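The values are calculated or read from the model by the stated rules, or taken from the named source; none is laboratory data. Quantities reported herein were computed from a predicted structural model and do not represent experimental measurements. Methodologically, a virtual Cβ is constructed for each residue, glycine included, from the backbone with ideal geometry; neighbour enumeration extends over all protein chains shown. Areas reflect the complete protein model, heavy atoms only, side chains present, ligands, DNA and RNA absent. Shrake-Rupley method; radii C 1.70, N 1.55, O 1.52, S 1.80 Å.
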Amino acid sequence: MPHRIRVVQGDITRMQVDAIVNAANSSLLGGGGVDGAIHRAAGPALLDACKAWTAVHGSCATGEAVITAAGRLPVQAVIHTVGPVWRGGTQDEARLLANAYRNSLQLALDNHIGSLAFPAISTGIYGYPPQQAAQIAFATVSAFLQDHPLPERVWFVCFGEESFVLYQKLLAEQQHSE
Ligand code: AR6
């Protein structure tokens, strides 16, 4: 369902959508990269929400996802997911990355999220090769949208020019193959 997928270059904390996805770590206590940017923009209420979740459930396993309130971000919710650390592709990374996307989408569906924005999960500090990760992102999101009415719109938010070009190419390929 590529017509429900959009690609944009920019900062995910500025996205005016119903929910954004955070590329978190299992502790859900913040970190660098997009996680750091989201916590900075959201303010301490986001960390409090994460702590409330971990106090009850412990840590978030790789490939799983958790939804919280969004502090002062201009969105209703943040979906925190934990992508895999790249270890050469031999540690089930592809399946775990697909799980991170799928479980985020499922939480969006369960919470009636109409529009959702993803960063390129695992491709920064976690070292996943960007092209392989982008292919998994597209395939997983497309398959999910095929089967479900929500989220109605999914944005891939690319932080850099290189990532933006890559995602645009994959989007165009999908549109042509339909
Ligand atoms: N908006 C959109 N994308 C961004 C932004 C932003 N503001 N900032 C960075 N990116 P990373 P990971 C891109 O490292 O690889 C944290 O410490 C970035 O260019 O944020 O999943 C967590 O706590 C890259 O393409 O996440 C974990 O410990 C993508 O977001 C660990 O890093 C993901 O890069 C997770 O590593």
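Of note:
- Selection within region 21-40: residues that are among the aliphatic types (A, V, I, L, M), under 11 Å from the mean Cα position of the chain (by Cα) and near the ligand (Cβ under 9 Å from one of its atoms). The member of this set that is nearest to residue 137 (Cα to Cα) is 23.
- Scanning region 105-114 for residues that are part of a helix (DSSP H, G or I) and more than 10 Å from the chain's Cα centre (by Cα) yields 106, 107, 108, 109, 110.
- Looking only at region 13-40, and only at residues there that are in a loop (DSSP other than H, G, I, E, B) and free of Cβ contacts under 8 Å to residues at least 60 places away in the same chain, the one that is surrounded by the most Cβ atoms within 10 Å (Cβ to Cβ): 28
- Of all residues in region 151-178, those satisfying the criterion of being modelled with pLDDT under 95, of a type outside the set (Asp, Glu) and open to solvent by 90 Å² or more (accessible area, probe 1.4 Å) are 175, 176, 177.
Yes/no matrix, rows are residues, columns are (1) on the phi > 0 side of the Ramachandran plot; (2) basic (Lys, Arg); (3) not in a helix (DSSP H, G or I):
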| position | (1), (2), (3) |
| --- | --- |
| 79 | no, no, yes |
| 87 | no, yes, yes |
| 91 | no, no, yes |
| 98 | no, no, no |
| 103 | no, no, no |
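- Among residues that are within 15 Å of the ligand (Cβ to nearest atom) and touching a Ser or Thr at 6+ places or on another chain (Cβ under 7 Å), residue 75 is not included.
- A single member of 83, 10, 63, 43 is more than 15 Å from the ligand (Cβ to nearest atom), in contact (Cβ under 8 Å) with a residue 24 or more places away in the chain and open to solvent by less than 30 Å² (accessible area, probe 1.4 Å), and it is 43.
- Residues that are in contact with a strand residue (DSSP E or B) (Cβ under 8 Å, 6 or more places away or on another chain) and within 25 Å of residue 32 (Cβ to Cβ) within region 115-133 comprise 116, 117, 118, 119, 120, 121, 122, 124, 126, listed in sequence order.
- Options 117, 143, 133; residue that is outside any loop (DSSP other than H, G, I, E, B) and within 15 Å of residue 21 (Cα to Cα): 117
- Within region 86-114, considering residues that are within 14 Å of the ligand (Cβ to nearest atom) and in contact with a strand residue (DSSP E or B) (Cβ under 6 Å, 6 or more places away or on another chain), the one nearest to residue 19 (Cα to Cα): 104
- For region 146-178, a tally of residues being within 11 Å of the ligand (Cβ to nearest atom), within 16 Å of the chain's Cα centre (by Cα) and not in a loop (DSSP other than H, G, I, E, B) returns 7.
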